[in-house]
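Before I ask anything, let me first share the structure, which is written out below as structure tokens.
Here, each number is a calculation from the coordinates, and none is a lab measurement. Because the structure is predicted, anything quoted here is derived from the model rather than measured. FYI the Cβ positions are ideal-geometry reconstructions off the backbone, even for glycines, and counts take in every protein chain you see.
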Amino acid sequence: MKKVLILFGGNSYEHEVSCNSVNFVIKNIDNKLFDYKLVGIDFNNNWYEIEKNSTVNKNWKNKSIKKIDNIIEYLKTFDIVFPVMHGNGCEDGKLQSLFEMNNIKYVGCNSYSSLISYDKLLTKLILEKYSISQVPYIIYHEDMNLNNINYPVIVKPCKCGSSIGISVVKSKREIKKALKKALKYDNKVIIEKFIENNKELECAILENNKKIFISDIGEILTNGKWYDYNLKYNTKSETIISKIDNSIIKEIKYLSEKIFKILDCKDLSRIDFLLDLDNNKLYFNEINTMPGFTDISMYPKLIEKLGINATELLNILLF
């Protein structure tokens, strides 16, 4: 039986998302194949083993069994670590570097891929070299003349996930507030053209024995104008297999595999695109190297459409 450490939480703005994701893993893991321990990391980066089979929420520390003091020695007692974690310090290469420095086997992209993919600007700069179309953007700096911006735009932190810190700005009078909001989460901010008439399309990638499986294309149907944090996690939004032109489907699948390989990704990723409906033009939006695993998350839903259920997905990732 394989010994698995499942990590969640972390000192991240996406701590709560991680708590939701880990419940999906606990519910679907094959207990006949894997002997797992569950460890939460709090906002002070303390590690705690908690009760096995616990349902995790924001009060997870109430179920703590013990605090882990010698983290490296503890990690070395497992065959593999599954860091079901999102956001700063968790998904940006730092945690992955810890594993690599200590020869700990883990699920997900390596430290280099995680770092590059988490920083939206670095991702853009690299993919520009490969002529992959992206929405026009600029990087904010303090001396920028805000009068020269063509509105509407999206303002977003370079390093943050789950649509945290993002604003749609339709006029100059709104932009200072949006910049202040984004700068709370990162010192680099992207200002990007807002394509109002669009489809948000997503593709799930799963690697198994060095073979890459690419899902059908998911489309997000929301009650709002764009897919913000509230729509992702707190209200109803629907995921469907998109009914778009076959040429666009082929382009997304081709680009998804290409991007996965360019960024040297491993095991899994979700790649997001925007389709400009007025011009029928496809743009790469972003890549997520540890996508959400909640019951409403796009990644496991799209993988299921490949005929791989949640338990089978975890088996592939953990073996």
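Please tell me the relative contact order of the stretch 2-107 in percent, rounded to the nearest whole number, where contacts are Cα pairs under 8 Å and at least six residues apart.
Working: 184 pairs, mean separation 37.0, N = 106.
Relative contact order of the stretch 2-107: 35 percent.
Could you tell me which residue out of Ser171, Pro152, Ile126 lies farthest along the dipole of the chain toward its positive end? Charges go on the beta carbon: Lys and Arg +1, Asp and Glu -1, centred on the Cα centre.
So the residue furthest toward the plus end is Ser171.
Can you check what the net charge comes to around Lys120, using other residues whose Cβ is under 10 Å from the Cβ of Lys120 (Lys, Arg +1; Asp, Glu -1)? It would help to have the intermediate numbers written out before the result.
On the way: positive: Lys124, Lys156, Lys159, Lys188; negative: Asp119, Asp186, Glu192, Glu286.
Within the 10 Å Cβ shell, the charges total 0.
Select from Asn53, Ile68, Phe194 the residue farthest towards the positive end of the dipole of the chain; place +1 on Cβ of Lys and Arg, -1 on Cβ of Asp and Glu, and compute about the Cα centre.
In the chain, that residue is Ile68.
At 7 Å along the Cα-to-beta-carbon direction for both Lys105 and Lys66, put a label point, then send me their distance in nm to one decimal.
2.4
Also: Return the whole-Å distance between the Cα centroid of the stretch 243-271 and the Cα centroid of the stretch 93-141.
Between the Cα centres of the stretch 243-271 and the stretch 93-141 lies a distance of 16 Å.
Pop out the Kirkwood hydrodynamic radius of the stretch 2-107 from its pairwise C-alpha distances, inverse of mean 1/r, in Å to one decimal. Don't skip to the answer; put the middle values down first.
Working: mean 1/r = 0.0733 Å⁻¹.
After inverting the pairwise mean of 1/r, the radius is 13.7 Å.
If I model a spin label at Tyr74 and Asn45 as a point 7 Å from the Cα along the Cα→Cβ vector, what separation in nanometres do I get?
Reported label-point gap for Tyr74 and Asn45 is 1.5 nm.
At q = 0.15 Å⁻¹, what is the log10 ratio I(q)/I(0) for the stretch 92-161, with the Debye formula run over Cα points and no solvent?
Debye intensities relative to I(0), on a log10 scale: -0.66.
Here is a follow-up. Let me check against my output: what whole-number percent is the relative contact order of the chain, with C-alpha pairs under 8 Å and at least 6 apart?
18
Now, a different point. If we sort 198-204, 133-139 on the protection proxy, mean other Cβ atoms within 10 Å, highest first, what's the order?
198-204, 133-139
On to the next question. As I understand it, the dipole of the chain uses +1 on the Cβ of Lys and Arg and -1 on the Cβ of Asp and Glu, about the Cα centre. Which of Ile217, Ser113, Asn88 lies farthest toward its positive end?
Sorting the options by dipole projection puts first Asn88.
Sticking with this structure for a sec: Which one of Asn187, Asn280, Asn147 has the biggest mean-square fluctuation once the chain is modelled by GNM with Cα springs under 10 Å?
Asn147
Rounded to the nearest 20 debye, what is the charge dipole size of the chain about its Cα centre when +1 sits on each Lys and Arg Cβ and -1 on each Asp and Glu Cβ?
400
Tally Lys/Arg at +1 and Asp/Glu at -1 over every other residue whose Cβ is under 12 Å from the Cβ of Thr311; what's the total? Display every interim value, and only then the final one.
Working: positive: Lys27, Lys32; negative: Asp30, Glu304, Glu312.
Result for the local shell: -1.
How much length would be gained if the chain were fully extended between Asn53 and Asn145, taking 0.36 nm per residue of separation minus their Cα-Cα distance, in nm to one decimal?
Values: separation 92, 0.36 × 92 = 33.12 nm, distance 5.43 nm.
Contour length minus Cα-Cα distance gives 27.7 nm.
Further, regarding this structure: If the stretch 137-193 were replaced by its equivalent ellipsoid, with semi-axes equal to the square roots of 5 times the Cα gyration tensor eigenvalues, what would those be, largest first, whole Å?
On the way: eigenvalues 55, 27, 19 Å².
Computed over the stretch 137-193, the values are 17, 12, 10 Å.
From the C-alpha gyration tensor of the chain, pull out the three semi-axes of the equivalent ellipsoid (sqrt of 5λ each), sorted largest to smallest, in whole Å.
33, 23, 18
Starting from the 7 Å offset along Cα-to-Cβ, what nm value, one decimal, do you get for the label separation of Ser131 and Asn197?
2.8
Ranking request for peptides 43-54, 21-32: highest mean number of other beta-carbon atoms within 10 Å first, then the rest in descending order.
Per-residue mean Cβ counts within 10 Å order the peptides as 21-32, 43-54.
Now, a different point. Can you show me the helix-derived [θ] at 222 nm for the chain, built from DSSP H runs with n ≥ 4 at -39,500 (n - 2.57) apiece and divided by the number of residues, rounded to the nearest 500.
Per the formula, -8500 deg cm²/dmol.
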